[in-house]
Amino acid sequence: MSEAAAGRDLVALPRAAVLMLWTATYLRGDLGPDDAAQMSFGVGRSGPSGEGEDLFGWMTGLRRLPLAQLRLVLPVPGRLAGLVGPPAAIGPALEAEQAIVVTAAGIADHTLVPVISPVEHEGRPASAVTWRKVPAPIGAHVPPAASSGGAREELLHALRRAAEGSVELDLVPDEPVESARIPPTWIATALPRHLERSAAHLLVLASRTLLLTRAEIDEGHGHTVHLAEALARRGLLDELHDAARAALVEAVERIVAAETG
């Protein structure tokens, strides 16, 4: 682990978010592109597949784009806002539930999506990552980045409502998420030194809530017996999941915009 990562707690984030954070650190001038590219693969048994986009070249190429901006998208079926196409980008982005949309002077330039392949490393499961770069349709515009700060408040309100409600949820976002609940499309990373404490706290809170609610939704109604209770529980989980996703996107985009603007 490099000096930039020393002494900082690890946080699990979507791989696209990790890449954006370390790319911003490079663009800020705090880290060389080779170290930033290495840090982007996170901490754990994960690394480049040897195919797809070379992150060193991708990062340095951003400096040649006019007014380059990075946009994080965490799409789910039926919610594709932020993606600019073409279909070759939308399918993989939905499968990974994440993508980076790169714009130049307000016009979409390309989409970058992580494609994960299971491999073995020293007899243990590992992940090989291929970053797929898909050019955007000519002249494609994207909406302004989220910057109002409202997503943070929505997440805090949703967490408060869940804590005060009568439906029991097994969510403890103030503790690290167990590794079994972290999908291969996410990776643990140290946070760059320059992050403000409040920004780092929101990243941790949003990411943990997103992971925990995703796991609870995938597991179904769990211990609930009555249909009404199961529906109420699912409603709370969906609300928390949506709020956490929006807060994570907003947090990452505001951090990156502050460093690259």
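The values are calculated or read from the model by the stated rules, or taken from the named source; none is laboratory data. Remember, it's a predicted structure, so these values are computed and weren't measured experimentally. Positions of Cβ are generated from backbone atoms using ideal geometry, with glycine treated the same way; all protein chains shown enter the neighbour counts. Just the protein is used for accessible areas: all its heavy atoms, side chains included, with ligands, DNA and RNA removed. Shrake-Rupley method; radii C 1.70, N 1.55, O 1.52, S 1.80 Å.
Evaluate the following for Ala89: is it in contact with a strand residue (DSSP E or B) (Cβ under 7 Å, 6 or more places away or on another chain) and of a type in the set (Gly, Ala, Ser)?
Here the answer is yes, as Ala89 does meet what is asked.
Being within 24 Å of Leu211 (Cα to Cα) and open to solvent by less than 50 Å² (accessible area, probe 1.4 Å) narrows it down to one of Leu80, Leu70, Leu65, so name that one. Break it down into steps so the answer makes sense when it comes.
Working: Leu80 fails: open to solvent by less than 50 Å² (accessible area, probe 1.4 Å); Leu65 fails: within 24 Å of Leu211 (Cα to Cα).
Among Leu80, Leu70, Leu65, only Leu70 is within 24 Å of Leu211 (Cα to Cα) and open to solvent by less than 50 Å² (accessible area, probe 1.4 Å).
Please find, within region 25-39, the residue that is surrounded by the fewest Cβ atoms within 10 Å (Cβ to Cβ) out of those that are of a type outside the set (Asp, Glu) and touching a residue at least 24 places away in the same chain (Cβ under 8 Å).
Out of the qualifying residues, it is Arg28.
Does any residue of region 42-50 turn out to be in contact with a helix residue (DSSP H, G or I) (Cβ under 7 Å, 6 or more places away or on another chain), open to solvent by 10 Å² or more (accessible area, probe 1.4 Å) and in a helix (DSSP H, G or I)?
no
Looking at the structure I just gave you, is Ile217 open to solvent by less than 50 Å² (accessible area, probe 1.4 Å), modelled with pLDDT of 80 or more and closer than 27 Å to Gly47 by Cα?
So Ile217 fails the test.
Say whether the condition of being in a loop (DSSP other than H, G, I, E, B) and at pLDDT below 90 is met by at least one residue in region 55-72.
no
Of the residues Ala228, Ala247, Ala232, only one is at pLDDT 90 or above and of a type in the set (Gly, Ala, Ser); which? Talk me through it step by step, then tell me what you get.
Working: Ala228 fails: at pLDDT 90 or above; Ala232 fails: at pLDDT 90 or above.
Of the residues listed, the single one that is at pLDDT 90 or above and of a type in the set (Gly, Ala, Ser) is Ala247.
Scan region 54-100 for residues that are among the acidic types (Asp, Glu), free of Cβ contacts under 8 Å to residues at least 60 places away in the same chain and within 21 Å of Val252 (Cα to Cα) and jot them down.
Passing the criteria: only Glu95.
So in region 189-214, with the set limited to residues that are more than 14 Å from the chain's Cα centre (by Cα) and without any contact (Cβ under 8 Å) to a residue 40 or more places away in the chain, which one is least open to solvent (accessible area, probe 1.4 Å)?
Ser198
Taking Glu95 as the residue in question, decide whether it is of a type in the set (Asp, Glu) and in contact with a Lys or Arg (Cβ under 8 Å, 6 or more places away or on another chain).
Answer is no for this residue.
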